[in-house]
Amino acid sequence: MGLDNFLNSLPIRGSGYVVIPFGFTINGTSDWVYEEEFGVRDGFAWSPDGKSVSYFSDKSGEYKLYIAPADGIGAVREIALPNTKHYYTPSWSPDGKRILYTDTDLKLWVLDVATGTAKVMGNDPWMVPTRTMNPVWSPDSRWIAYVKHLNSLYKAVTVVNVETGQSRQV
C-alpha cells in the first residue's frame with residue numbers, strides 16, 4: 001500500500017464525517033465520500049486482505065451490513081441482519097472469515113462472511129455508564145475479548161470462543 005493510499009484509508013473524524021477512501025461515485029466525483037452522502041452509519045472496516053470494506057447502512061430503510069469491493073469495481077453485497085436494531089463498529093476477524101459488531105441491546109454478534117449468518121456471542125446486561133463493549137479479535141480469529149458489566153456494575157473482561165460459543169471471565 002502506497003503512502004497516498006494509506007493516508008486516504010484513515011477514518012477522519014471531526015465534523016461528524018468519516019472519509020471513505022474508495023472509488024464510489026457520488027454527484028459525479030469519486031474523490032472524498034462522506035458517511036452522510038453514502039448512507040454509512042457508525043464507521044466502516046477494511047477486510048484483512050484490503051480487498052473489501054464493510055459498513056452498516058439504513059439506505060434501504062432497515063440497517064443492513066454491506067461488503068463492498070475496495071476498488072469500487074464489482075457488486076456490493078447486501079446482508080440482511082436478524083433484527084431491526086442499530087448496529088455499531090464492524091470488525092473483521094484477522095483471517096477474514098467473520099465480522100463482529102454490537103447492537104443497541106449491547107449484544108455482541110459474529111457474522112460468517114461466506115454464509116451471511118449471524119449469531120449472538122455475548123452481551124452486556126448493563127448500559128451504564130457507557131454503552132460500549134470494546135470487542136477485539138484474537139490474532140488467530142478463534143476468540144473475542146470484550147468488556148462486560150457485572151451485577152455490581154464493575155467491569156470485567158470476558159473472552160468467548162467463536163467456534164463453541166463458550167465464554168469465561170478473565
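The values are calculated or read from the model by the stated rules, or taken from the named source; none is laboratory data. Not measured: the values here are computed from a predicted model. Cβ atoms come from the backbone with ideal geometry, glycine included; neighbour counts cover every protein chain shown. Surface areas here come from the heavy atoms of the whole protein model, side chains and all, with no ligands, DNA or RNA. Shrake-Rupley method; radii C 1.70, N 1.55, O 1.52, S 1.80 Å.
Of all the listed residues (Arg77, Arg98), the sole one being at pLDDT 95 or above, among the charged types (D, E, K, R) and closer than 21 Å to Asn134 by Cα is Arg98. Would you confirm, using the coordinates I've provided, whether Gly74 is surrounded by fewer than 19 Cβ atoms within 10 Å (Cβ to Cβ), of a type outside the set (D, E, K, R) and touching a residue at least 12 places away in the same chain (Cβ under 8 Å)? No. Across the range 137-163, the number of residues qualifying as surrounded by fewer than 13 Cβ atoms within 10 Å (Cβ to Cβ) and within 21 Å of Ser47 (Cα to Cα) comes to 3.
When the residues of the range 52-71 are narrowed to those that are surrounded by 13 or more Cβ atoms within 10 Å (Cβ to Cβ) and small (Gly, Ala, Ser), which ends up nearest to Ile144 (Cα to Cα)? Once the filter is applied, the top-ranked residue is Ser54. Return yes or no: is Asp49 surrounded by fewer than 17 Cβ atoms within 10 Å (Cβ to Cβ), in a loop (DSSP other than H, G, I, E, B), modelled with pLDDT of 90 or more and of a type in the set (Asp, Glu)? The answer is yes for Asp49. Can you pull out every residue in the range 117-140 that is over 15 Å from the mean Cα position of the chain (by Cα) and at pLDDT 90 or above? Matches in the range 117-140: Gly122, Asn123, Asp124, Ser138, Pro139, Asp140. For beta carbons closer than 8 Å, sequence separation of 6+ or different chains, a first residue in the range 106-124 that is within 17 Å of Tyr63 (Cα to Cα) and among the polar types (S, T, N, Q) and a second that is modelled with pLDDT of 95 or more and open to solvent by less than 60 Å² (accessible area, probe 1.4 Å), the qualifying pairs are Thr117/Leu111. Of all the criteria given as (1) open to solvent by 60 Å² or more (accessible area, probe 1.4 Å); (2) among the aliphatic types (A, V, I, L, M); (3) in contact with a Ser or Thr (Cβ under 9 Å, 6 or more places away or on another chain), the one not satisfied by Val113 is (1).
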